[in-house]
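The structure appears right after this line, and notes come after that.
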Amino acid sequence: MPPSGLRVKSPDLLIAESGADLEGHGLKRTMGLFQLVCFGVGAIVGTGIFVGLSDTVAQAGPAAAVSFVIAAVTCVFTAFSFAELGGAIPVSGSSYSYAYATLGEGAAFVIGWCLLLEYGVSVSAVAVGWGQYLNELLAGVIGHQLPAALSNAPGEGGVVNLPAVVVMLLAATLLVRGVRESARATAFMAVLKIAVLVLFCAIAFTAFKAGNLSPFASHGVAGVTSGASVAFFSYIGFDAITTAGEEVKNPRRTVPLAIMICIGVVTLLYCLVAFAAVGAMSADAVADRPAALSLIVNQVTGSTLGGGIIAFGAVVAIASVVLAVMYGQTRILMSMSRDGLIPRVFERVSPKTSTPVAGTWIVAVVFAAPAALVPLDVVLNLTTIGTLAVMAVVNVAVIALRRTRPDLPRPFRARLFPLTPLLGVGFCLYLMYGTGPATWAQFAVFLAVGALVYVCYGRPRSRIGARAGTDGSRVPARAGASVSTRDGG
């Protein structure tokens, strides 16, 4: 009998269970391609570019755009794997479900645990960035900012970051009202944030000075690598598209297409913004300025009006990321709850709104705490390494699924297989190396805690364990679906 952690949940069972949750109230398919692309852009474009740009420039200097390209290449290779798996297994669990279908229950739980970093902790980081631009907006509109005690974490000269808590509670309120309402709001905010970044580029390029790009790689290859690790945070969220698999029309076609469109649009936008920013105000001036885009526009235009517009766009942009990422976290927890690995409260869907109301509020309250009390730079690196680890596993999963289920319908197939997923793994490990020893140590502790939670709580309560029986035999869970162990197929 193989260890329980190696039990694999077949793609057929995953898809069968996605038709309705275990409480009898299913999610509704209301999102089309445009809404899903907007949802993806909404999940990606936010704190990483509006706030994190200055951190990338601090590491890479004028070569910051190269760092964004390296981070994008990592995402492109992994996006191929996400697109294939998202079309083949169109369910809400994203990386967690893919790991369950290929690598087994133990690996799936660890991936779900890491997704708490990508979605839960990252939404805290995003919320912190929202507060910084809110202050810029208030300064431009009324000439006053929130007191530092109420807008900064304790390690940054404050007592509590109140704006970060407020934006998370507002996002939760919108999410529990329904997916259709959330999708409409996200689409509006996605279009607005793209327009604001295009406006920034148009203004900044009027003051472009080629001399600001020299010396180009002022901090060397190591600086570009570290910058790429930081820049990667700007791309976190594109895989959130796969968490909407149960609420998308024609998901096998729509999910892969939306992933590729989002990566292309965002990469082009980020490179333009990086070049425009450094060209207009030099790398040294941009580095370590949290609201650098507003500062650049103020300097170029000679007034605070333009910077106020950029700050408004940033406030809207970052709020949409909070909304989209919190949505993704609740859907992943729902999938884990269905499997019995976490408490059942996360799988309950309201019959009135067709949303996981209780799970959404729990996520909002729990992750509002680090948003209110932890400095931004502390959570950025930990979120990045956790996300990269998840993406490395997704690339492995696409290889495993090709071997174990070659018959599974795949509307999108990763190009140049198996080269692209192997390159995806390599680039993920490369960027993980760039996060530094301290982050690796924190991540090791985080994984150890996750493994302990699985052994003590998840494994004894696994529903697949109950179905498979103590002898590890294959037992049908529903018509046409099965649970299997490694030696059972």
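The values are calculated or read from the model by the stated rules, or taken from the named source; none is laboratory data. Just so you know, these numbers come straight off a predicted model, no measurement behind them. When we count neighbours, we look across all protein chains shown, and the Cβ atoms used for this are built from the backbone with ideal geometry, even at glycine.
Key figures
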| quantity | calculated |
| --- | --- |
| The range 422-437 residues that are surrounded by 15 or more Cβ atoms within 10 Å (Cβ to Cβ), paired with ones that are not in a helix (DSSP H, G or I) (beta carbon under 9 Å, 6 or more apart) | L423/L416; G424/A414 |
| Condition met for A258 (under 18 Å from the mean Cα position of the chain (by Cα), crowded, with 23+ Cβ neighbours inside 10 Å and under 18 Å from V286 (Cα atoms)) | no |
| Number of positions in the range 89-120 that are in a helix (DSSP H, G or I) and closer than 20 Å to I241 by Cβ | 18 |
| Candidate set from the range 139-161 (those that are in contact with a Leu (Cβ under 7 Å, 6 or more places away or on another chain), part of a helix (DSSP H, G or I) and not polar (S, T, N, Q)); member that is modelled with the lowest pLDDT | P154 |
| Test set (1) in contact with an Asp or Glu (Cβ under 6 Å, 6 or more places away or on another chain); (2) of a type outside the set (K, R); (3) farther than 30 Å from I464 by Cα - G308 fails condition number | (1) |
| Residue ID - surrounded by the most Cβ atoms within 10 Å (Cβ to Cβ), chosen from residues in the range 211-255 that are modelled with pLDDT of 80 or more, of a type in the set (A, V, I, L, M, F, W, C) and closer than 17 Å to A283 by Cβ | A231 |
| Selection from the range 279-289 of residues that are buried (at least 21 other Cβ atoms within 10 Å of the Cβ) and modelled with pLDDT under 80 | A283, V286 |
| Residue in the range 162-179 that is part of a helix (DSSP H, G or I), at pLDDT below 75 and closer than 24 Å to T360 by Cα present | yes |
| Selected residue (only one of R403, R348 is under 25 Å from I464 (Cα atoms) and free of Cβ contacts under 8 Å to residues at least 12 places away in the same chain) | R403 |
| Filtered residue count, the range 293-342, keeping only those that are surrounded by 24 or more Cβ atoms within 10 Å (Cβ to Cβ), small (G, A, S) and under 20 Å from A207 (Cα atoms) | 3 |
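Yes/no per residue for (1) assigned to a helix (DSSP H, G or I); (2) over 17 Å from G40 (Cα atoms):
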residue: I194; (1), (2): yes, no
residue: L199; (1), (2): yes, yes
residue: A202; (1), (2): yes, yes
residue: T206; (1), (2): yes, yes
residue: P215; (1), (2): no, yes
residue: G223; (1), (2): yes, yes
